[in-house]
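The structure appears below as structure tokens.
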Amino acid sequence: MDILEFLILPFAAGLVLTGIHAYLGVHVVERGVIFVDLSLAQIAGLGTTVALLAGHDVHSNVSYFWSLGFTILGAAIFAFTRVHHETRIPQEAIIGIVYAVSAAAAILVMSKAPHETEHLKDMLVGNILAVNWTTVIKTAVLYAPVGLFHFIFRRKFLDISLGRKTDNVKLWDFLFYTSFGFVVTSSVAIAGVLLVFSYLIVPSVAAMLFAQSIGKRLAIGWTMGSLVTALGILLSFHFDLPTGATIVCTFGIALSLMAIVRLFVRTGTQAA
């Protein structure tokens, strides 16, 4: 019973992350901006690092709003540099540049606070085992308005992600990336950059192997994310491995197995 109580917290946190990130991942994959999550997460980390250098605690509300402010700035950059047909510069190039500059800036800032270099490691790998019920509930409450906002304006966001014509694209892009950054700012503090990226991309890619409609892809993504979270946590506990890294690797293995199943299904269908 003690073990169950210990593992249920990271599992609950994983379910919260799966719920919002599997949905956002559908948009990210359709838009072809796969690494926007890493870039926004790095920008959020830079904001936290600047707050740290200013003398604020990493987990304080002040640091959170520093991080959120930097993320909104990144959202504006991605929204207003959206690729149009008349340019040959892909948006992934801009995203990569922003990521590299943000990472380098964070290192420069941290060089002035060497006693806090552990912050960089925490930002990368996170520590999902350290969550408590207050954090899980607070995160779920924070994500609820974002989910509601996307549900209300789902047609606008889907039209843009699927390449359909719509008005005020830059405005809606800014709102999308801002809400996305709002989620990433909170998620990275819980799970780290690598695990958040996995929750965002892997379930969506896996779902695309078996479904075309958005509804079916969300159902597959949410199911996969929940099962992989539970399995990864159990494996990390049983083999005494870092939880975040174990879940990421479990995502990779699960995606590989699903791809193999899809290959056999396709081969059998063609043979028939």
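Each reported figure results from applying straightforward, stated rules to the coordinates on display, with no laboratory input. No experiment lies behind these values; they were computed from the predicted model shown. When we count neighbours, we look across all protein chains shown, and the Cβ atoms used for this are built from the backbone with ideal geometry, even at glycine.
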Next item on the list: Can you give me the P(r) profile for region 186-272? Cα pairs, bins 10 angstrom wide beginning at 0, each as a whole percent.
Entry: 18, 43, 28, 9, 2
Next item on the list: Under a cut-off of 18 Å between alpha-carbon atoms, report the lysines in cross-link reach of K112, not counting same-chain residues fewer than 8 places apart.
Entry: K121
Checklist line | Residues T267, T48, T246, T166 arranged by fewest to most Cβ contacts within 10 Å | finding: T267, T166, T246, T48
Check: Using DSSP loop states and a limit of at most 12 other Cβ atoms within 10 Å to flag trypsin sites (Lys or Arg not before Pro), what is the longest stretch of the chain containing no flagged site?
Finding: 166-272
Next item on the list: Taking every Cα atom in the chain, find the radius of gyration and the maximum pairwise distance Dmax, and write them in Å.
Entry: 19.0, 67
Check: So for E92, E5, E30, fewest C-beta neighbours within 10 Å to most, what's the order?
Finding: E5, E92, E30
Next item on the list: May I ask you to list the lysines whose Cα is less than 16 Å away from that of K156, ignoring any residue fewer than eight positions away on the same chain?
Entry: K165, K170
Check: So what J values fall out for region 172-180 if you push phi through Karplus, 6.51 cos²θ - 1.76 cosθ + 1.60 with θ = phi - 60°, rounded to Hz, Gly and Pro as x?
Finding: 5, 5, 4, 5, 5, 5, 5, 5, 5
